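First the structure, in the form of structure tokens, and then the observations on it.
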Amino acid sequence: MSDPLTFDNASARFGLPFLYSGQAQKEFYVNEAFAIADALMHCTIEGTATTPPTAPVDGQNWSIGTGATGDWASHVGQIACRQSGNWLYVTPSDGMRVFDRSTGCSRLYSSGWKIPSSISAPTGGSTVDSEARSAVSQLITTLRLAGILP
């Protein structure tokens, strides 16, 4: 007979709390797990900030920048999720994508946030190849529409 499965007290990727048989006040753990899952599902951040907003709105998420103060002081690099009037903090993991409302672009986390930079459309040159220039311009436009480039 195989050994029974044993679990840590939280999930490995995002720290969602697990329940144990006979655990008191299970609703607190379940609600916390639901709140974190809600914040991370198709995650959108308002932007990066170092101070919490003065009038935060439930459902908003923020990336916490270097030099954070106030409630965020010890959570640099995490995502602050406003849920039920409280801040929940999540440490991003590799492969996580978020949509940044402040830039209109997606970010990828891979040992740090990978933020796309803007690309200029081709101009000039000694030989003008209008078909190539048109194709590159269309690619840039498509990447911007997809939220990959600003």
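Residues are listed down the side, and each one gets a yes or a no for (1) in a loop (DSSP other than H, G, I, E, B); (2) open to solvent by less than 70 Å² (accessible area, probe 1.4 Å); (3) charged (D, E, K, R); (4) in contact with an Asp or Glu (Cβ under 8 Å, 6 or more places away or on another chain):
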| residue | (1), (2), (3), (4) |
| --- | --- |
| Asp94 | yes, no, yes, no |
| Phe99 | no, no, no, no |
| Thr103 | yes, no, no, no |
| Ser106 | no, yes, no, yes |
| Ser111 | yes, no, no, yes |
| Val136 | no, yes, no, no |
| Gly147 | yes, yes, no, no |
| Pro150 | yes, yes, no, no |
Give the stretch 36-57 a look and list any residue that's open to solvent by 50 Å² or more (accessible area, probe 1.4 Å), over 10 Å from the mean Cα position of the chain (by Cα) and closer than 23 Å to Ser11 by Cβ, or say none. Asp38
For the stretch 113-134, give me the residue count where each residue is open to solvent by 50 Å² or more (accessible area, probe 1.4 Å), among the hydrophobic types (A, V, I, L, M, F, W, C) and not in a loop (DSSP other than H, G, I, E, B). 1
Six or more apart or on different chains, Cβ under 6 Å: which pairs go from a residue in the stretch 1-21 that's under 23 Å from Tyr89 (Cβ atoms) and open to solvent by 100 Å² or more (accessible area, probe 1.4 Å) to one that's at pLDDT 55 or above and not aromatic (Phe, Trp, Tyr)? Could you list them? Arg13/Ser93
For the stretch 72-83, check the following and say yes or no: at least one residue is at pLDDT below 90 and out of contact with any Phe, Trp or Tyr (no Cβ under 7 Å at 6 or more places or on another chain). yes
Going by what's in this entry, would His42 be described as in contact with a Phe, Trp or Tyr (Cβ under 6 Å, 6 or more places away or on another chain), under 30 Å from Leu16 (Cα atoms) and either of a type outside the set (Asp, Glu) or assigned to a loop (DSSP other than H, G, I, E, B) (or both)? no
Might you check whether a residue that is touching a residue at least 24 places away in the same chain (Cβ under 8 Å), touching a strand residue (DSSP E or B) at 6+ places or on another chain (Cβ under 7 Å), over 19 Å from Gly112 (Cβ atoms) and open to solvent by less than 40 Å² (accessible area, probe 1.4 Å) occurs anywhere in the stretch 63-85? yes
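The values are calculated or read from the model by the stated rules, or taken from the named source; none is laboratory data. It should be emphasised that the depicted structure is a prediction, and the values quoted were computed from it without experimental measurement. Here Cβ is always computed from backbone atoms with ideal geometry, including for glycine, and neighbour counts include all displayed protein chains. Heavy atoms of the whole protein, side chains included, go into the accessibility calculation; ligands, DNA and RNA do not. Shrake-Rupley method; radii C 1.70, N 1.55, O 1.52, S 1.80 Å.
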